[in-house]
Amino acid sequence: TAQPGPVQDPRLPSPAHPPDRLELPLHVQADHLKIGHIEWIQGDRTLAVDNVAGAYSYDGARHRVQLERLRWTGGDYQGEATLGARGNMPLDVRLQGRFEAPMPAGAARLPLQFSAQLQGPLADLQAQATLVTVPRPGPARASVSATASVTARITPWAAQPIAQAQAQWRQPDLA
């Protein structure tokens, strides 16, 4: 049983080049992982998450993570990821979630749901994400969902990490 406390990361924010391996000396299978609360501190930034549950495995060739649930800044998330342990380290991540975005002038928070995918070699990833408003009961205007979709090519170790991006909006209500 671990005691609550922050995790301090004294490393520099990012290496200059992508890793070519992330191997472990043994195979790992953790079918049920649960964390009540964890804080990750790096410099002046802190990331805190709650109610984490999932599974992890490493078979010598790839890492697999199954995220059954995670609570972060009032939202609920789940997903799965695989990462190759060597070579170009292929990554496949799928994440879904629901959260409520703050609105200006004390208006009611806006319920949103999203899905995101990240795929490709670790140094040259393709990303897709969709964000949808969750309709509230009420007048017909309020029940129409707005949608934002984004695709991007991400090269994390390049001088310009977002190599290409495109966004589309449907039914935005900017009033």
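Bear in mind that the values in this text are calculations on the coordinates, not laboratory data. Note that the coordinates shown come from a computational prediction; the quantities given were computed from them, not determined experimentally. Using ideal geometry, Cβ is built from the backbone for each residue, glycine included, and neighbour counts are taken over all protein chains shown.
Work through the residues other than residue 79 whose Cβ is under 15 Å from its Cβ and net out their charges, Lys, Arg +1 and Asp, Glu -1. Overall, the nearby charge balance is +1. The residue 92 and residue 8 beta-carbon pair, evaluated with R₀ = 35 Å, returns a calculated FRET efficiency of approximately 0.70.
Work out the charge dipole of the chain with +1 on the Cβ of Lys and Arg and -1 on the Cβ of Asp and Glu about the Cα centre, then indicate which of 158, 6, 89 is farthest towards its positive end. Looking along the dipole axis, the top candidate is 158.
Each of residue 107 and residue 164 was given a label point 7 Å from its Cα along the Cα-to-Cβ line. The distance between the two points is 3.5 nm. Grouping the Cα pair distances of the chain into 5 Å bins from zero gives a pair-distance distribution of 2, 7, 11, 14, 18, 20, 13, 8, 5, 3, 1, 0 percent in increasing distance order. Put a plus charge on the Cβ of each Lys and Arg, a minus charge on the Cβ of each Asp and Glu, and nothing anywhere else: the dipole of the stretch 40-94 about its Cα centre is then about 140 debye. Of 81, 163, 53, the residue with the greatest mean-square motion in the GNM of the chain, using alpha carbon springs below 10 Å, is 163.
Inter-label distance, residue 24 to residue 68: 1.8 nm, where each label sits 7 Å from its Cα along the C-beta direction. Compared with the direct C-alpha span, the chain from residue 76 to residue 42 gains 9.9 nm at full extension, assuming 0.36 nm per residue.
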